[in-house]
1. In whole angstrom, and with the biggest value first, how far do the Cα coordinates of the range 90-137 range along each principal axis?
2. Would you tell me the accessible area of residue 314, worked out with a 1.4 angstrom probe on the heavy atoms of the protein chains, in Å² to the nearest 10?
3. Per residue Cα convex hull volume for the range 156-224, in cubic angstrom?
4. Give or take rounding to whole Å, what are the principal axis extents of the alpha carbon atoms in the range 244-375, in descending order?
5. How many percent of the accessible area of the range 148-304 is carbon or sulfur, using a 1.4 Å probe?
6. Just how large is the dipole of the range 151-266 about the Cα centre, in debye to the nearest 20, putting +1 at every Lys and Arg Cβ and -1 at every Asp and Glu Cβ?
7. Below 16 Å, Cα to Cα, which lysines can residue 130 reach? Residues fewer than 8 away in the same chain don't count.
8. Which of these, 221, 192, 130, has the largest mean-square fluctuation under a Gaussian network model of the chain (Cα springs below 10 Å)?
Amino acid sequence: MKEELIKKAYEIAVERYAAVGVDVEKALEQLQKISLSLHCWQADDVTGFENPDSVLSGGIQATGNYPGKARNIDEVRQDILKAASYIPGHHRLNLHATYGDFKGKFVDRDEIEPKHFESWMQWGKEHGMKLDFNSTSFSHPKSGSLSLANPDKEIRDFWIEHTKRCRAIADAMGKYQNDPCIMNLWIHDGSKDITVNRLYYRQLLKNSLDEIFIKKYDNEKDCIEAKLFGIGAESYTVGSYDFYLGYGVKNNKIVTLDTGHFHPTESIADKISSLLLFTSEIMLHVSRPIRWDSDHVTIMNDDTLDLAKEVVRCNALSRVHIGLDYFDASINRIGAYVIGARATQKCLIQALLEPLAQLRKYEANEQFFERLALLEEAKSLPWNAVWDMFCLKNGVPVGESFIPEIEKYETAITSKR
Ligand code: RNT
Ligand code: ZN
């Protein structure tokens with residue numbers, strides 16, 4: 001698209017928004033400051049580098065076999081940089097514990113150390129990407145259906161040790177990058193069929209967490225991710241939302257809300273304002289569940305828009321960490337990153353451009369027709385001209401022009417893998 005046209009459309013948008021009391025430049029400045037945490041696992045269908053033949057377990061699934069999946073650390077890095085070059089702004093990278101630089105050696109989960117992630121830290125610094133981290137309880141011979149909640153003390157201790165090490169690694173990352181590393185804990189623990197010991201496993205998980213969190217760190221922030229169910233664990237999930245909400249509030253931990261981890265009609269957006277009153281921060285895993293936690297590529301749909309609007313309406317951008325979490329193996333994986341990240345940003349810019357002051361005035365005056373009318377009109381205000389300007393300013397392709405670029409990369413690189 002011609003630069004001149006983008007600028008012209010932007011100028012018109014600035015005026016249009018000014019008429020409803022919105023400062024477009026301020027919205028752009030705010031969007032510029034939002035770093036998404038890009039999940040490393042879209043690049044290789046959650047395989048990691050611990051064992052190239054590992055089979056994904058833990059009730060999650062990457063379906064599809066589109067060619068070009070990254071096969072090693074260099075390819076993951078190359079693909080992530082490529083994807084990031086089409087996403088405006090500065091972003092973070094979210095690593096799983098199985099993505100260490102193990103240099104061809106088998107390092108078990110209870111043996112990982114900061115040194116295995118040193119090259120990531122250097123790489124991150126070199127490319128202006130701060131790191132976040134996740135413990136990995138799935139895809140391992142000791143995963144089974146129970147890890148931190150396993151009645152077998154030996155297995156439980158193995159995962160406790162793993163998770164403790166993950167916190168130490170996250171702290172090292174946070175220190176290195178001079179910015180806290182967000183350390184997320186999600187475990188798949190649950191059961192396929194009815195259990196008559198719901199309390200027992202939850203008690204075990206609580207005890208494991210208490211032990212894991214004994215040590216205090218200054219450079220990492222702990223998050224606990226709840227889930228409704230997993231494939232093969234349909235009847236019971238130890239780490240349910242109630243469980244982690246209670247644990248998080250009581251122990252001052254951040255609760256991770258994955259948009260695929262609730263009942264299909266439950267509003268995740270509605271949880272933001274409640275959580276903010278009882279926990280210091282929130283971690284989001286922005287995904288797109290289709291009928292189940294299918295981890296489809298995030299798009300600009302009502303769910304994502306509502307979520308972004310709630311964060312902005314609560315004035316909570318500094319307290320909410322926004323990560324992506326999906327893994328689609330059926331389309332170009334670099335394209336998947338770009339679509340999901342840009343869609344999230346498109347939702348955020350619309351949220352930032354909302355004529356909130358006027359809407360709140362109407363609401364305070366009980367002018368409900370006016371409130372609804374402006375909410376409706378706001379949907380078709382020219383936010384896309386502001387988004388195009390954001391892309392232009394950040395030197396990334398405007399509009400659909402990233403499509404042929406990703407096609408070129410596919411022809412030259414990923415199709416040859
Ligand atoms: C699984 C959780 C978890 C994972 C990643 C790979 O349902 O959403 O966050 O997707 O850790
Ligand atoms: Zn998640």
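The values are calculated or read from the model by the stated rules, or taken from the named source; none is laboratory data. Predicted model only: the values in this text are computed from it and were never measured. Cβ placement follows ideal geometry from the backbone for every residue including glycine, while neighbour counts extend to all protein chains displayed. All accessible areas refer to the heavy atoms of the entire protein, side chains included, with ligands and DNA or RNA removed. Shrake-Rupley method; radii C 1.70, N 1.55, O 1.52, S 1.80 Å.
1. Over the range 90-137, Cα extents along the principal axes are 33, 21, 14 Å.
2. 40
3. So the per-residue hull volume is 79 Å³.
4. The Cα atoms of the range 244-375 stretch 50, 37, 26 Å along their principal axes.
5. That fraction is 52 percent.
6. Dipole magnitude for the range 151-266 comes out near 280 debye.
7. 33, 175, 221
8. Sorting by GNM fluctuation, first place goes to 192.
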